[in-house]
Amino acid sequence: MRKAWRSDAELGVDEVVTTEVVVVGAGAAGMRAALAASPRSVQLLTAGALGATGSSPLAQGGVAAAMGSG
């Protein structure tokens with residue numbers, strides 16, 4: 001019979017973090033969600049280093065800003 005769960009040691013977990021909000025993704029939408037969730041405790045969950053993975057750097061050159069007068 002197989003176990004339905006695994007221990008932290010079996011999963012290779014080094015640290016357990018307690019937070020109020022988890023945001024998956026650190027692109028423009030993820031960063032906006034993290035800012036909207038403050039001042040609560042927020043953790044960003046990303047597949048790689050910030051700015052190095054995902055679609056936002058490719059789509060926007062890494063910059064999301066309002067420009068112009070109108």
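The values are calculated or read from the model by the stated rules, or taken from the named source; none is laboratory data. These numbers were taken from a predicted model, which means no experiment stands behind them. So basically every Cβ, Gly included, is an ideal-geometry build from the backbone, and we count neighbours across all protein chains shown. Side chains are part of the model used for accessible areas, which takes the heavy atoms of the whole protein and leaves out ligands, DNA and RNA. Shrake-Rupley method; radii C 1.70, N 1.55, O 1.52, S 1.80 Å.
Quick notes on this one:
- Residue check for residue 22: β-branched (Val, Ile, Thr), touching a strand residue (DSSP E or B) at 6+ places or on another chain (Cβ under 7 Å) and not in a loop (DSSP other than H, G, I, E, B): yes
- Check on residue 26, exposed (fewer than 14 other Cβ atoms within 10 Å of the Cβ) and modelled with pLDDT under 90: no
- Counted residues, the range 1-14 - those being assigned to a loop (DSSP other than H, G, I, E, B) and either at pLDDT 80 or above or surrounded by 10 or more Cβ atoms within 10 Å (Cβ to Cβ) (or both): 2
- Residue selected from the range 29-65 under the condition open to solvent by 80 Å² or more (accessible area, probe 1.4 Å), over 20 Å from residue 19 (Cα atoms) and in a loop (DSSP other than H, G, I, E, B), by the criterion modelled with the highest pLDDT: 55
- Qualifying positions in the range 16-28 - touching a residue at least 24 places away in the same chain (Cβ under 8 Å) and under 17 Å from residue 55 (Cβ atoms): 25, 26, 27, 28
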